[in-house]
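See below for the structure under consideration.
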Amino acid sequence: MKFTKIAMGAAVAASLLAGPALAGSHGGKTTLRIQTHYAMDHPTGMIYQEWENDVETMSNGTLDIEMFWASSVVGSVETFDAAANGILDCDMTGGSYQTGKNPAFQFVGDIMGGYDTPYQQLSWLYYGGGYDAAQELYNAYGMQLIGWSVYGQESLSSSKPLRGFEDLKDWKFRSPPGLETEIFAGLGASPIVMDFTEIFTALETGIIDGADASGLNNNVGLGLYDLVSHATYPGFHSMPSDHLACNKAVWDGLTESQRRIIDTAMQKVSLHAALSNEKKNAEAAAMLSAKGVKLYDWSTEDRAKFRQIAQEAWNGWAAKTPEAAALVKSHREYLGQLGLTSN
């Protein structure tokens, strides 16, 4: 496992950005250059290190993963295009960053107000027709969706109380781009879109009151509760799917064995991200409560209201492109089977 692959020096970054860097094969070994927005010591980053080690070990040395952490080559939102254009080989961020490209990416990135658990969301991908529906979208941009990492519901972190809807009024917070900004702006909050890597400084300087960053334990890893002392837990508003997506030409150029190895290792990530995060969130909640951080478990009525508002907001996004309409239809049908639609 390459624990020295943390952030690239300026010379390496310049070399990558100077031109295409498609997967190279040397001496029977294929190197895949992959960027993630997570830091190496972040809890999810640690799981990705296990994935890296699994792929290299199971491939018997025919695959070498060169991982670039904390968006060290390009900005998080630019990772997808960097892979599609050959600067990188694969993107390990998430579809939500690409909503400006096509609103349909919202519904493979963060299906807000949709599924309750990561297992339900993953079941849509593998057993609800989601994989084929999503693949059509990715292929249109020269990319191949390999799999998801869904760690569970996220927690909002704040310097102010977040007891319910009334506390969202004029609350300035870091928001990912896309549907979330519309939903929370409609609820009276002031979402500010910024890169994942800018959250800590923005909180520290008071540019924002809080952040939608990640799950409770991951937020501890980011150091957010060194700065703020309020959070929603258990979460309810957002459960993003971090994807592994690769340049389609690169993916098609791998052997069938190599593709199976990468896919299988990614499915392990999916399971372990959800399992470990559930345990670590509970531990983090106990630790934070003991330190005096206030955790707010929204009422059943407020949760149901948020789900209804979010699913109503889907309609506007479904009207934006045929691809978005198709994915919303797919989710609604599957959520109906699970009894999770708002009506």
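Quick one: in the range 1-54, which of the residues that are acidic (Asp, Glu) and exposed (fewer than 15 other Cβ atoms within 10 Å of the Cβ) is modelled with the highest pLDDT?
Per the stated criteria, the residue is GLU50.
Run ARG174 past the list (1) outside the structural domain of LEU271 (by TED's automatic domain parsing); (2) in a helix (DSSP H, G or I); (3) closer than 18 Å to THR93 by Cα and report the number of the one that doesn't hold.
The failed condition is (2).
Answer yes or no: is there a residue in the range 203-214 that is farther than 27 Å from PHE107 by Cβ, in contact (Cβ under 8 Å) with a residue 40 or more places away in the chain and not basic (Lys, Arg).
yes
Which of the residues belonging to the range 92-103 are more than 11 Å from the chain's Cα centre (by Cα) and buried (at least 24 other Cβ atoms within 10 Å of the Cβ)?
Those that are more than 11 Å from the chain's Cα centre (by Cα) and buried (at least 24 other Cβ atoms within 10 Å of the Cβ): GLN98, THR99.
For the range 278-294: of the residues being touching a residue at least 12 places away in the same chain (Cβ under 8 Å) and small (Gly, Ala, Ser), which is surrounded by the fewest Cβ atoms within 10 Å (Cβ to Cβ)?
GLY292
Could you run through the range 50-79 and say how many residues are over 19 Å from LEU254 (Cβ atoms) and either assigned to a helix (DSSP H, G or I) or not small (Gly, Ala, Ser) (or both)?
Summing the residues that are over 19 Å from LEU254 (Cβ atoms) and either assigned to a helix (DSSP H, G or I) or not small (Gly, Ala, Ser) (or both) in the range 50-79 gives 9.
Among GLN106, GLN120, which is surrounded by fewer than 19 Cβ atoms within 10 Å (Cβ to Cβ), in a helix (DSSP H, G or I) and touching a helix residue (DSSP H, G or I) at 6+ places or on another chain (Cβ under 8 Å)?
Among GLN106, GLN120, only GLN120 is surrounded by fewer than 19 Cβ atoms within 10 Å (Cβ to Cβ), in a helix (DSSP H, G or I) and touching a helix residue (DSSP H, G or I) at 6+ places or on another chain (Cβ under 8 Å).
I'm checking my understanding of the structure. Among residues of the range 23-49 that are within 22 Å of ASP252 (Cα to Cα) and polar (S, T, N, Q), which one is farthest from the chain's Cα centre (by Cα)?
Per the criteria, the residue is SER25.
Every residue, every condition in (1) among the aromatic types (Phe, Trp, Tyr); (2) in a loop (DSSP other than H, G, I, E, B); (3) farther than 26 Å from ASP226 by Cβ; (4) modelled with pLDDT under 95, yes or no:
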{"residue": "ALA134", "(1), (2), (3), (4)": "no, no, yes, no"}
{"residue": "TRP148", "(1), (2), (3), (4)": "yes, no, yes, no"}
{"residue": "TYR151", "(1), (2), (3), (4)": "yes, yes, no, yes"}
{"residue": "ASP167", "(1), (2), (3), (4)": "no, no, no, no"}
{"residue": "GLU182", "(1), (2), (3), (4)": "no, no, yes, yes"}
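Return the residue satisfying two criteria in turn: it lies in the range 313-339 and is in contact with a Ser or Thr (Cβ under 9 Å, 6 or more places away or on another chain) and aromatic (Phe, Trp, Tyr), and of such residues it is surrounded by the fewest Cβ atoms within 10 Å (Cβ to Cβ).
Going through the qualifying residues, I end up with TRP317.
Looking at (1) touching a residue at least 40 places away in the same chain (Cβ under 8 Å); (2) buried (at least 19 other Cβ atoms within 10 Å of the Cβ); (3) within 22 Å of PHE306 (Cβ to Cβ), which is the one condition that is false for LEU145?
Answer for LEU145: the failing condition is (3).
What residue, of LEU224, LEU187, is of a type in the set (A, V, I, L, M), closer than 22 Å to VAL77 by Cβ and more than 16 Å from the chain's Cα centre (by Cα)?
Only one candidate qualifies: LEU224.
Which one of these is of a type in the set (A, V, I, L, M), assigned by TED's automatic domain parsing to the domain that holds TYR225 and under 21 Å from the mean Cα position of the chain (by Cα): ALA310, ALA324?
That would be ALA310, the only listed residue that is of a type in the set (A, V, I, L, M), assigned by TED's automatic domain parsing to the domain that holds TYR225 and under 21 Å from the mean Cα position of the chain (by Cα).
What are the pairs with Cβ atoms under 8 angstrom where one residue, in the range 225-239, is within 21 Å of LYS279 (Cα to Cα) and the other, located anywhere, is basic (Lys, Arg) and assigned to a loop (DSSP other than H, G, I, E, B)? Sequence gap at least six, or different chains.
That search, which allows pairs on different chains as well, returns HIS230/LYS160.
Return the pair list, or none, for Cβ contacts closer than 6 Å from residues in the range 150-167 that are under 20 Å from MET112 (Cα atoms) to residues that are crowded, with 23+ Cβ neighbours inside 10 Å and aromatic (Phe, Trp, Tyr), at least 6 apart or on different chains.
Taking only residues 6 or more apart or on different chains, the pairs are SER155/TYR233.
The values are calculated or read from the model by the stated rules, or taken from the named source; none is laboratory data. These numbers come from a predicted model, not from an experiment. Note: ideal-geometry Cβ built from the backbone for every residue, glycine included; neighbour counts use all protein chains shown.
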